[in-house]
1. Length gain on complete extension for the stretch residue 173 to residue 53, per 0.36 nm per residue less the alpha carbon to alpha carbon distance?
2. Name the aspartates and glutamates eligible as straight-distance cross-link partners of residue 59: C-alpha to C-alpha under 20 Å, and not fewer than 8 places from it in the same chain.
3. Show me the three semi-axes of the equivalent ellipsoid for region 73-155, from the C-alpha gyration tensor (sqrt of 5 times each eigenvalue), largest first, rounded to whole Å.
4. Semi-axes of the equivalent ellipsoid of region 65-117: what are they in whole Å, largest first, if each equals the square root of 5 times a C-alpha gyration tensor eigenvalue?
5. Can you give the net charge of the other residues whose Cβ lies under 13 Å from the Cβ of residue 186, counting K and R as +1 and D and E as -1?
6. What are the semi-axes of the equivalent ellipsoid of region 101-202, taken as the square roots of 5 times the eigenvalues of the Cα gyration tensor, listed largest first and rounded to whole Å?
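We did not get these values from a lab; they are worked out from the coordinates using the rules stated. Computed from a prediction, not measured in an experiment: that's the story for all the values here. Quick reminder, even Gly has a Cβ in these numbers, built from the backbone with ideal geometry, and neighbours come from all protein chains shown.
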Amino acid sequence: MGHFTGPRSKIARRFGEPVFGPDKILEKRPNPPGQHGANKRRHKVSEYGVQLREKQKAKAIYGMREKQFRLFFERAKAKQGITGDILLALCETRLDNVVYRLGLSPTRAGARQLVTHRHVTVNGKVCNVPSYIVRPGEVVSVREKDRDMIAVVDSLKTHKSPVVNWLSWDEATMQGTLLSVPERAEIPENIEVQLIVEFFSR
């Protein structure tokens, strides 16, 4: 499955949020991209446009393509519960996102690279599938011979512990454990999941 490799700051300016992580350009240029971004008249956005924008934002945040995101929605829809909340929980428990939340990489793109380059293990076995869904009780770690990688060490210096309470981190063994599937209130991303559900339910 491919992932976005274009100008990330431009996408962040389009949404007006740091969807790919902290971005200094948003402070300097908060207006949308384009020649007339700063002065462009604001037209009323249709209901469809609002829903589409929210779906595109969620895809950008989690680094997912349209086909995969729709598959995740179908999986969420097939489960019992609130579809939007389940969708977000599935996105959060993707292996690349868990690696990011544990602080092993400062960005999801970097976390994805760690996974695809076979630096990450799940329950002691190498897993190079970014979309792998981590289950409660499973242990995620950097492969033992890669634990002194500069990128990982530097990232952990600024992320001493997971920023969410559904993950635990053992600094001594450099292992993280998924304690539970996150509830919507435990997920810090600014995403209106109901708009996404409405978009796919048209």
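1. Values: separation 120, 0.36 × 120 = 43.20 nm, distance 4.10 nm.
Length difference between fully extended and current span is 39.1 nm.
2. Answer for residue 59, where 20 Å is the Cα cut-off: 17, 23, 47, 74, 85, 92, 96, 183, 186, 189, 192, 198, listed by chain and number.
3. On the way: eigenvalues 134, 32, 18 Å².
The equivalent ellipsoid of region 73-155 has semi-axes of 26, 13, 10 Å.
4. On the way: eigenvalues 114, 29, 10 Å².
Rounded to whole Å, the semi-axes are 24, 12, 7.
5. Numbers: positive: 101, 184; negative: 85, 92, 183, 189.
Result for the neighbourhood of residue 186: -2.
6. Details: eigenvalues 137, 46, 39 Å².
Square roots of five times the eigenvalues give 26, 15, 14 Å.
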